[in-house]
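Heads up, the thing below is written out as structure tokens.
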Amino acid sequence: VIVSKYRSVLVLVACAILLFLWFAIERTDFGMRLRASVDNPNMARAVGIDVGRVFTIAMTAGCALAAIG
């Protein structure tokens, strides 16, 4: 099996992005707010999370990932 350097780099970059996203969603304060906002937006608002801002940031991150793709 012959794998080009370009494809190897793409696989490494994809793995790095995957690990970054996992860390960002599972281990950061923003990830906690995002999960709470998705699960129960009304309760998230009740405890002071700006749900609209969280969703805007998540959408922006998704658009950035689409641009990378």
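The set of residues in region 7-39 that are surrounded by 11 or more Cβ atoms within 10 Å (Cβ to Cβ), in a helix (DSSP H, G or I) and among the hydroxyl-bearing types (S, T, Y) contains only S37. Contact annotation: residue pairs with Cβ atoms under 6 Å, 6 or more positions apart or on different chains, pairing a residue in region 40-66 that is open to solvent by 50 Å² or more (accessible area, probe 1.4 Å) with a partner that is at pLDDT 95 or above, are R45/V51.
The values are calculated or read from the model by the stated rules, or taken from the named source; none is laboratory data. Given the structure is predicted, the values throughout are model-derived calculations rather than measurements. When we count neighbours, we look across all protein chains shown, and the Cβ atoms used for this are built from the backbone with ideal geometry, even at glycine. Side chains included, ligands, DNA and RNA excluded: accessible areas come from the protein's heavy atoms. Shrake-Rupley method; radii C 1.70, N 1.55, O 1.52, S 1.80 Å.
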